Every structure is written in C-alpha cells, then in structure tokens.
Amino acid sequence: MLELAILGLLQEAPMHGYELRKELATKLGTLRAAISYGTLYPTLKRLKLAGWISEAEASDDIVPPMTSKRGRVVYKITAEGKEHFAELLTQAGPETYDDAGFGVHFTFFSRTDRATRLRILEGRRRRIEERREGLREILARAADRLDAYTLELQRHGLDACEREVRWLEELITNERSGRTPAFRNRAGLTGIPDPAPAGGTPAAGTAPPETPRPHPDRP
C-alpha cells in the first residue's frame, strides 16, 4: 500500500523524502501516517531499482532546513512508474478491503475507474458488516461477563461499524447512479455551500445578508 501511495503522490509532483512523509500524513490520515524514514527510504530504494522512480539532486532553495543528505534528493516518477501506478489502481482484491488498503485506495479514487471503485466499496462493506456482526455476537453472548469499560468499548466499535456501513451504502448508491459524493461542510451538513467571502457575491441558493437596522433604544 505504501508503494501505491508514494507513486500516486509523485505523479502529482516531484518530492524529497521529507515532503513525501509530510504528504503521506496529510493524504492518508493519522492511522497510516506513522511511517518512519526507516520504512520510507527502503521503499523508495526498491521503487528506484524497479525503474518506477528516479532521483535528482535538489537545489538549495527547496531543501528543507536541518535535513540529512538524503533530504537533498528529489524523487520523480518515471513513465514505467506511471504505468505501474495505473495497474495498482485496478486492483480490487481482499487486501483493498482492510483498513490500510482501503484508505490508500480511497485516497486515489478520483483516478480509479468506476467499476473498480464499486468493487472495492462493496468488498469493504462486506468486511465491515462481518466485523459488525462479530461485535453484535460478543455483546449478545458475553455482555453480562464484561466490565463496564470493556462493554463500552465494544459498543463504541459497533457504533463505528454501523456508521461506516451507512456511509459505504451511500457511496455505493452514488457510484451506481454515476454521482460523486455529496459535499459536506465543516459542520457535517450536506449540500450547504460555504458562505461567500467578505465583499463577494453570496453563494447560489443563499439569501443576501440583511442590512443592519438601528436598535429601537438608539438614535
């Protein structure tokens, strides 16, 4: 999965190791962001030996401060690397249903064909439904033998599974109808556009701001 993530990021732009690690944290989230340089650089070396990436010396103005000599190397994806990345995007096997595999593939869904996206989403839903049923069985058979904190943890896991199943079902419905996922603002509401910037035109479907009125107790 790290191989897919690296090739996908380098397809966007050449990067040095420091920047790659930072982008991995941004794109893939905290669960997959704990990638040490001891893991990253051996993977980069393997990709280079395979001919999927190449190295170039970075200019001084783009080298991050206080980085090692390896931080001066910029990695670029090759033509063969782009072809390999495209092949990786077509994979939809069981490894793409696991937490790490699904997260990486989902990050690059905009570059994945719809049929593959749908297979991965349906496989992920089956995986989470199995996990959900396992938690339900634990709660049904052993709830009276669990202490309060363990019981709460199992309930939390069950709630998380149920939320993810609903989310996946929404995505699957969108994929089958050819729609992209609905926009969600920071408040988690769907279909509500961000407000227009100060001095700008209000977003479509929003009422213009009201003109302030004087307070009745003030002149």
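For every other residue with a beta carbon closer than 14 angstrom to the beta carbon of residue 173, add +1 if it is Lys or Arg and -1 if Asp or Glu, then tell me the sum.
Numbers: positive: 114, 117, 125, 166, 176, 179; negative: 122, 169, 170, 175.
Net of charged neighbours comes to +2.
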TODO: Of the options 156, 112, 138, report the single residue whose Cα projects farthest towards the positive end of the charge dipole of the stretch 107-164 (beta-carbon charges: Lys, Arg +1; Asp, Glu -1).
DONE: 112
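Around residue 138, with a cut-off of 12 angstrom between Cβ atoms, what is the net charge of the other residues, counting Lys and Arg +1 and Asp and Glu -1?
On the way: positive: 131, 132, 136, 141, 145, 155; negative: 133, 137, 144.
Net charge in that neighbourhood comes out at +3.
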- [ ] Work through the residues other than residue 122 whose Cβ is under 12 Å from its Cβ and net out their charges, Lys, Arg +1 and Asp, Glu -1.
- [x] +4
Task: Long-range HN-HN contacts of residue 16 with modeled amide H, under 5 Å - done: 75
- [ ] Would you rank 105, 156, 84 by solvent-accessible area, highest first, keeping every protein chain in place and using a 1.4 Å probe?
- [x] 156, 84, 105
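The values are calculated or read from the model by the stated rules, or taken from the named source; none is laboratory data. As the structure is a computational prediction, the values presented were derived from the model and not from experiment. Positions of Cβ are backbone-derived with ideal geometry, glycine not excepted, and every protein chain shown enters the neighbour counts. Accessible surface is based on the protein model in full, side chains and every heavy atom, while ligands, DNA and RNA are left aside. Shrake-Rupley method; radii C 1.70, N 1.55, O 1.52, S 1.80 Å.
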